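The values are calculated or read from the model by the stated rules, or taken from the named source; none is laboratory data. Computed from a predicted structure; not experimentally measured. Every residue, glycine as well, gets a Cβ built from its backbone with ideal geometry; the counts of neighbours run over all protein chains shown.
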Amino acid sequence: MSCGLAAGVWLGAAEAPTKLVNSGLSPYAISLCMVAGVFTARWTVPTLLKGTRYVFADLKENRHLILTAILAGMLWAVANTLTVFAIRDVGLTIAFPLWNTNALVGILWGRLLFGELKGASGRNVAKVVLGALAIVLAAVMLAFSTIHDEGPHAGRAVSGILAAAGASLLWGTMYIPYRKAYISGMNPLSFVTVFTIGELGTCFALLLALDGGTRAAIFHSPETEHLLFWLFLGGFAWVIGDLFQQFATKYLGIGRAIPLSNTNQLWGLAWGALVFAELAHADRSHRLFVVAGSLVMILGALAVSTAIATEREHASTNEALQRECTRYNLDYDRVLRSYSGSGTGDRPDDNDRRAWWDYAILAVAAGVFVYLGWNAKVPPLTMDLAWLWVLAGVLVATAGVCGWGLWKATRFS
């Protein structure tokens, strides 16, 4: 549960740099640059925490999931691009809650494909259903407030809502490969390492196909270099949040982990309203709709997350593990230890000596961020720097506390 809440904090902050869409860069360029940062971080963080020997040994044992991970990355890339369009058309404050209806999609897939909530008590089922309905109600309230807005996003509300809805559908579906990987005994750190190949390839293809090909402004504009650091930083923040989310998905299941991480809507609201003053010119009714919709969505997410799994639900999860082991001829005892976080089987652990190339990967990644930071300029956006530093401090504290707790409990297994 702490991983799910930490994911919300970091995923909420990760979308803040996409506000640069208002600086003239296309949504495709924003998404590609952000995913380039994601690619850099998703090879760096697993290397830092476990080492490449562990990661590649894990991938070798679960080679049947490599294409699945790439497909999940492709879904993520398209969804992320849609979120940039949504932010451009309806703003960060409104777009966040709309695409967070992916919790409903995740609950549906979790029940149909992995037996989640199978054997659950009537009280738990009621919590999940009522929580899901609250999320839908909140999304409707926020969409209504946007359509009737007379502010800077008026006239583009419908396209923004459709973009956010598309992102919600794709992100909710993306968790199918995640859950499948984890009940096969795969480590989240290994999964996201391959996952990022699908992300980067898809974003690059979208840019070439829909944004002018090699003539796209991102390849020729001298101002692009000054903005890359912020987009890479957003990608890095997304990786931290996503890793917390994946550990939550592994240990709680889709139906509970997604609503918990969807508290990122609260943090998205904080960044949009406090740092970027998105509600500064909104009238009172608009603000009431946004605040009420946000609170209803958070309450719905909390209702779902407090539906603690019973022994009968755990039995259905065990059935899913046995099914995967039979299908792919896996060692059930090893998969069970890996799934529960109590063991790593015969794979090299993070206590083993790091290979020299691990340090090279870390050095190159650090060098990329140092170079981009050296050439960065303050974005041409109106920001409240005091609130920016407050929220940045919350990020660091959350990662430190929850990361330490995860390491103590599972050694990032």
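A few points about this structure:
- Looking only at residues in the range 325-341 that are more than 10 Å from SER184 (Cα to Cα) and in a loop (DSSP other than H, G, I, E, B), the one that is farthest from the chain's Cα centre (by Cα) is ASN329.
- Only one of the numbered conditions (1) of a type in the set (S, T, N, Q); (2) modelled with pLDDT of 75 or more; (3) touching a helix residue (DSSP H, G or I) at 6+ places or on another chain (Cβ under 8 Å) is not met by THR310, and that is (2).
- Filtered residue count, the range 229-257, keeping only those that are within 16 Å of ILE183 (Cα to Cα) and small (Gly, Ala, Ser): 4
- Flag not set for ARG323, criterion: crowded, with 24+ Cβ neighbours inside 10 Å and closer than 17 Å to TRP109 by Cβ.
- The criterion of being part of a helix (DSSP H, G or I) and of a type outside the set (Ser, Thr, Tyr) holds for LEU82.
- Options THR306, THR224; residue that is surrounded by fewer than 19 Cβ atoms within 10 Å (Cβ to Cβ), in contact with a Lys or Arg (Cβ under 9 Å, 6 or more places away or on another chain) and β-branched (Val, Ile, Thr): THR306
- For beta carbons closer than 9 Å, sequence separation of 6+ or different chains, a first residue in the range 362-379 that is in contact (Cβ under 8 Å) with a residue 24 or more places away in the chain and exposed (fewer than 12 other Cβ atoms within 10 Å of the Cβ) and a second that is among the polar types (S, T, N, Q) and in a helix (DSSP H, G or I), there are no qualifying pairs.
- Odd one out for ALA282, checked against (1) assigned to a loop (DSSP other than H, G, I, E, B); (2) under 30 Å from TYR339 (Cβ atoms); (3) among the small types (Gly, Ala, Ser): (2)
- Extreme residue, modelled with the highest pLDDT, among residues of the range 1-33 that are among the small types (Gly, Ala, Ser) and outside any helix (DSSP H, G or I): SER26
Quick grid of which residues meet (1) more than 28 Å from PRO380 (Cα to Cα); (2) without any contact (Cβ under 8 Å) to a residue 40 or more places away in the chain; (3) under 14 Å from the mean Cα position of the chain (by Cα):
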residue	(1), (2), (3)
LEU32	no, no, no
TRP43	yes, no, no
PRO46	yes, no, no
VAL55	yes, no, no
THR81	no, no, yes
ILE94	no, no, no
VAL105	yes, no, no
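- Taking the criterion of being of a type in the set (Val, Ile, Thr) and not in a helix (DSSP H, G or I), the only residue of the range 95-126 that qualifies is THR101.
- Annotation: of all residues in the range 398-413 being under 19 Å from the mean Cα position of the chain (by Cα), of a type outside the set (Val, Ile, Thr) and assigned to a helix (DSSP H, G or I), the one that is farthest from PHE276 (Cα to Cα) is LEU406.
- Filter result for the condition that a residue is of a type outside the set (Gly, Ala, Ser) and under 16 Å from the mean Cα position of the chain (by Cα), over ASN318, ASN264: ASN264
- Within the range 98-126, considering residues that are among the charged types (D, E, K, R) and farther than 22 Å from TRP171 by Cβ, the one surrounded by the fewest Cβ atoms within 10 Å (Cβ to Cβ): ARG123
- Some residue of the range 62-74 being within 15 Å of the chain's Cα centre (by Cα), outside any loop (DSSP other than H, G, I, E, B) and surrounded by fewer than 24 Cβ atoms within 10 Å (Cβ to Cβ): yes
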